[in-house]
2 protein chains.
Amino acid sequence: MAVTPQDLFGLDNLPYGVFSTPGSPGGPDTPGAPGDPTRRRIGVRYGDHVLDAGAAARALGSPHTPLLQAPSLGPLLAAGRPVWQSVRAALRDWLGNPAHRETVSPLLLPLHPAAESPAPVFHLPFEVADYVDFYASEHHAANVGRMFRPDGEPLTPNWKHLPIGYHGRAGTVVVSGTPVVRPSGQRRPPGADAPDFGPSRRLDIEAEVGFVVGAPSTPGEPVPRSAFRDHVFGVALLNDWSARDIQAWEYVPLGPFLGKSFATSLSPWITPLEALEHAAVAPPPRSHPLLPYLDDTGPGAEPQGYDLRLSVHLNGELISEPPFSSMYWTAAQQLAHLTANGASLRTGDLFASGTVSGPEPGERGSLLELTWSGTEPLRLPAGAGGERTFLADGDEVTLSAWAPGPGGSRIGLGEVTGRIEPTRGAPPAAAPDGGGA
Amino acid sequence: MAVTPQDLFGLDNLPYGVFSTPGSPGGPDTPGAPGDPTRRRIGVRYGDHVLDAGAAARALGSPHTPLLQAPSLGPLLAAGRPVWQSVRAALRDWLGNPAHRETVSPLLLPLHPAAESPAPVFHLPFEVADYVDFYASEHHAANVGRMFRPDGEPLTPNWKHLPIGYHGRAGTVVVSGTPVVRPSGQRRPPGADAPDFGPSRRLDIEAEVGFVVGAPSTPGEPVPRSAFRDHVFGVALLNDWSARDIQAWEYVPLGPFLGKSFATSLSPWITPLEALEHAAVAPPPRSHPLLPYLDDTGPGAEPQGYDLRLSVHLNGELISEPPFSSMYWTAAQQLAHLTANGASLRTGDLFASGTVSGPEPGERGSLLELTWSGTEPLRLPAGAGGERTFLADGDEVTLSAWAPGPGGSRIGLGEVTGRIEPTRGAPPAAAPDGGGA
């Protein structure tokens, strides 16, 4: 077990997840029958292993044992920033101090064990309370505006004044690896007066970064930007699957609904904000003056952007490298906006950045943009599916990312992946739709 | 204790809620210290009393005791329709059969006891999973369209083809009686280029009917209209408070967000669908053909509308009587649409009808419509506040409703009420805004 600082998941990272080992009979931490929720345990990723954090806490007599023996990250999230810091310091000691090696080593389970051993299975690491999706990339918003409203300004008049967002469906946030069933819905064919119904022909991805709220807030009391790290526990990659044909027909005037609500995939690994200290960057220059609750341009303002370098793979082929540092609105601004009207936060609230798209064509975080609404297909190797506009059944999309760590190291964000399954009860071949169809 | 069939809350109604009696020391069903969640109990309304349902179940040796001793309606909601029917039959027996009178009478607590006794306090009766708000009144949608988009068609092209809806904030659904703090937010003054920030000047109500999902559904599998009563447990009045100035500036292109998310008030009483059997009516004629999953016009189609007669009181004065029977889209259609893309239902999902507005001016369910965007103020008696466009601090709004019951009786829906409190930390007097401001 040798993890060097160069590893993406070394001592400076230590993301949290929830796992079980369903195939493992009778180990000391696998009580109960399969399906028993008490089998779920908090894990901390260290290199290619996962530490059974509750077992380690118990073995080492930690006061954090109850929090870390929970079957969900919920209690840890709710505990607040001082506890987050204390637990993180303890984990760094348990994993980094040679004095604990004998105790800790047996509690490090390989993520990819030899064939005869059961691999850990990862679960949604907390119960999602409310899910909000923002729209914070100027490049993405302008690209979409050009495609959806070709006769108007690319950005709506409010875009530079507030981080636009909307509520999504919390109940269909699923953990990475959960199959994504192609949604059916109403689409209006070009030129038609009335819609038809069927499997989406323009199924897309949105490469996003999700922020996980830990500490709740008081109803009626806004959370200022400066309190961001008191409330937000960490980040996780997120794929906001989108059916563009369904969305285009339904979204006026109340916003996206069924075009998004079928599934949102979340990484099993929540990276604590503390692991991203070296990734803090200033956001892009603000072209419009901001109202005080959003203004982050003053002298001495703490940089609240994050330098996360995303990668999007489709069937194993790299198709985009979206830079999170290019996002116009920061997560701290999004949190301040989300609560500006007094709306309260709950433990487990999840808010996502919106599609991460940079200024360059190879930095776009959706197929809508990468193929310019299907008119410029991607050309993948035949083994990766050949030409693609939108997603075909069987396609697999994986998002990954890293951020600068201390001393030139890299902090990895846990991947989020998903494979498209055919609509249930419908003909299997739903051909993706090009722009001319 | 004499409840006649003419009562709004007789044996044919029996709505469910969750209550506690915080001021009552040491009764057999008030264990624990104040604030102890185990003090919360399921209550069933009978006339002007609430039955401690768990205590009654235990006293009468009912197999439903565990479900009815829960501190929330959650387990009962999750149990499914056959159990709902069985529990309801038991409650009708317990309350209606003279043989049980001696056992049951002490477990009936007055809703409005004499001054020295503690009154029951009502809580949000279940944990809201996802909250969805629809837009199902043609009259409301057309009125809003005429005001917000005066140069276009009143209805968007999709309106007659699908029940438009969006996700709202589940974490700020509050029980009736919870004060509503006036939200602040960005508003763009007429003619200005940039927004300002402050307490909403156009704070409004939306009189709605909420539907509570009990039985969950399978991810990827739509729920047909015919399965509506297998999944939906009951209904409750709901006030979707809306800040029109915030909403108007923010809602393009992703829909309402902070204009709605500060608070949504729900009645403490969930009326089971079975109590509304005599209120079933056919919805209005469909002007456009519907896709099969929404089409409810075939021969022998079960009528899935509900004849609920709503009343809106502002500071005690009746200001509107919206007829729910005029809603274009039924709740069964909304459920079928909500799941058409495979999105799954969870126990505790709540979906609301959208503002209930009938064809007549006195039937409109929002101040936006009742005052035509503030240009035609309501004239209330001086004791009720005088002239009103939008809500002033201190205003109290109460929604109530009844439905036809068996034999000419009436089924009451529990009220939902809320009073406006001033924005915290802001000047107390936020003058409502007329249309010309």
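Across region B:263-268, rounded Karplus estimates of 3J(HN,Hα) from the backbone phi angles (6.51 cos²θ - 1.76 cosθ + 1.60, θ = phi - 60°) give 5, 9, 9, 10, 4, x Hz, Gly and Pro being marked x. Sorted shortest first, the separations between the B:P359 label point and its copies elsewhere in the assembly read 5.9 nm; each point sits 7 Å from Cα along the Cα-to-Cβ line. Candidate membrane-span-like segments in chain A, meaning DSSP H helices with Cα atoms spread over at least 18 Å of their own axis and a Kyte-Doolittle mean of -1.0 or above, are A:81-96, with no membrane implied. Between the C-alpha center of region B:77-142 and that of region A:180-215 there is a gap of 38 Å. Just so you know, the averaged projected area of the alpha carbon convex hull for region A:203-357 sits at 10.6 nm².
Mean sequence separation of contacting Cα pairs (under 8 Å, at least six apart), scaled by the length of chain B, corresponds to a relative contact order of 20 percent. Per-residue Karplus couplings for region A:366-380, computed as 6.51 cos²θ - 1.76 cosθ + 1.60 with θ equal to phi - 60°, are listed in order as 9, 5, 3, 7, 4, 10, 6, 6, x, 7, 10, x, 6, 10, 9 Hz, Gly and Pro entered as x. Along its principal axes, region A:131-421 has C-alpha extents of 52, 43, 34 angstrom, given from the largest down. Modelled label positions at B:S311 and A:S287, each set 7 Å beyond Cα in the direction of Cβ, lie 5.5 nm from each other.
Take B:70-83, A:159-172, B:175-188, B:380-393 and order them by the average number of nearby Cβ atoms within 10 Å per residue, most first; the result is A:159-172, B:175-188, B:70-83, B:380-393. Ordering of B:355-365, B:90-100, A:399-409 by packing is B:355-365, A:399-409, B:90-100, highest average first (other Cβ atoms within 10 Å, averaged per residue).
Between B:L318 and B:R92, what FRET efficiency comes out of the Förster formula 1/(1 + (r/R0)^6) with R0 = 25 Å and r the beta carbon distance, rounded to 0.05?
E(calc), rounded to 0.05, equals 0.15.
Phi-derived couplings, Karplus 6.51 cos²θ - 1.76 cosθ + 1.60 at θ = phi - 60°, listed residue by residue for region B:398-409: 10, 9, 9, 6, 9, 9, x, x, x, x, x, 7 Hz, with x used for Gly and Pro.
The mean count of C-beta atoms from other chains within 10 Å of the C-beta of residues in B:246-253, rounded to a whole number, is 6.
Mind checking the per residue accessible area of the protein assembly as shown for me, 1.4 Å probe, whole number of Å²?
Here the per-residue accessible area is 36 Å².
In a reduced charge model with +1 at each Lys and Arg Cβ and -1 at each Asp and Glu Cβ, chain A shows a dipole moment near 500 debye about its Cα centre. The calculated FRET efficiency for the pair A:D196 and B:S226, based on their C-beta separation and a Förster distance of 25 Å, comes to about 0.70.
The mean count of C-beta atoms from other chains within 10 Å of the C-beta of residues in B:341-350, rounded to a whole number, is 6.
For A:G234, the residues 5 or more places off, or on other chains, whose built amide H falls under 5 Å of its own are A:V212, A:L273. What shape does region A:16-123 have by the C-alpha gyration tensor, where a ≥ b ≥ c are the square roots of the eigenvalues, rounded means a/c under 1.5, and otherwise prolate means a/b greater than b/c and oblate the rest? Cα axes put region A:16-123 in the oblate bin. Between chain A and chain B, roughly 5200 Å² of accessible surface gets buried, counting both sides and using a 1.4 Å probe. Inter-copy label distances for A:P113: 5.8 nm (label point placed 7 Å from Cα along Cα→Cβ; shortest first).
Among chain A residues, the one whose Cβ is nearest the axis of the rotation from A to B, given with its distance rounded to whole Å, is A:G255, 1. Each copy carries a label point for A:G316 at 7 Å from Cα along the beta-carbon vector; from one copy to the others these points are 7.7 nm apart, nearest first. Peptides B:326-333, A:195-202 ranked from most to least packed, by the mean per-residue count of other Cβ atoms within 10 Å: B:326-333, A:195-202. Near A:R149, no amide H atom lies under 5 Å from its own; only residues 5 or more places off or on other chains count, and H is placed 1.01 Å from N.
Here, P(r) means the percent of Cα pairs in each 5 Å bin from 0 to the largest distance; for region B:65-170 it is 2, 9, 10, 12, 13, 11, 9, 9, 9, 8, 5, 3, 1, 0.
Per residue of peptide A:153-164, the mean number of Cβ atoms on other chains within 10 Å of the residue Cβ is 4.
Here's how it looks for B:Y306: its modeled amide H is under 5 Å from those of B:V281, which are all 5 or more places away or on a different chain.
Heavy-atom surface analysis with a 1.4 Å probe gives region B:131-421 a carbon and sulfur content of 51 percent of its accessible area. Three principal axis extents describe the C-alpha atoms of the protein assembly as shown; from largest down they are 78, 63, 59 Å.
Shape verdict for region A:228-296, please, from the Cα gyration tensor: rounded (a/c under 1.5), prolate (a/b greater than b/c) or oblate. It comes out oblate by the Cα gyration axes. Label sites at A:E360 and B:E360, each approximated as a point 7 angstrom past Cα along Cα to Cβ, lie 6.7 nm apart.
The values are calculated or read from the model by the stated rules, or taken from the named source; none is laboratory data. Treat the numbers as computed from the prediction; the structure is a model and nothing was measured. Backbone-built Cβ (ideal geometry, glycine too); neighbour counts: all protein chains shown. The area values use the complete protein model at the heavy-atom level, side chains included, leaving out ligands, DNA and RNA. Shrake-Rupley method; radii C 1.70, N 1.55, O 1.52, S 1.80 Å.
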